[in-house]
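Each value in this text was obtained by applying a stated rule to the coordinates, not by laboratory testing. Owing to the predicted nature of the structure, the values given are computational and were not obtained by experimental measurement.
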């Protein structure tokens, strides 16, 4: 006996729970296929990166590690990082300096990273090599880092918390 309700769909009976599972599996399969397809297909010089053109990711910032203090740095003690520039740069450049005991992976402390906003962090991570697992550094924001071809990439998901959501 089926434990879920049956609904009519295209002259077939499909259980709601089975349908949810199928949609979730299709989403994961699509993400895996998308990542594989993106890596396999070259782009022409005038095209934007595939994660923007095909997956809808939006540019957020470029994080650049540096060793020297800069004017107007903000220290995020819990993370062991000093940041500046993000809120004033018209290009989204964020300068980052790390405390000696910072637990951030070495690649993030030494190699610049690009950051994108995504609508669904879990879906965006599917099929990717995760460097820093999803976490929430502040209310309404979830972030994770992946590695692609030796370069760190930050993914951000913004959730409504009463503040307005950034637009692209």
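Things worth noting here:
- Between residue 110 and residue 68, the contour length at 0.36 nm per residue exceeds the alpha carbon distance by 13.8 nm.
- DSSP-defined beta bridges in segment 53-168 - what % are antiparallel, rounded to 5: 75 percent
- For segment 50-158, diffusion coefficient by Stokes-Einstein and Kirkwood Rh (Cα), 25 °C, 0.890 mPa s, µm²/s: 171 µm²/s
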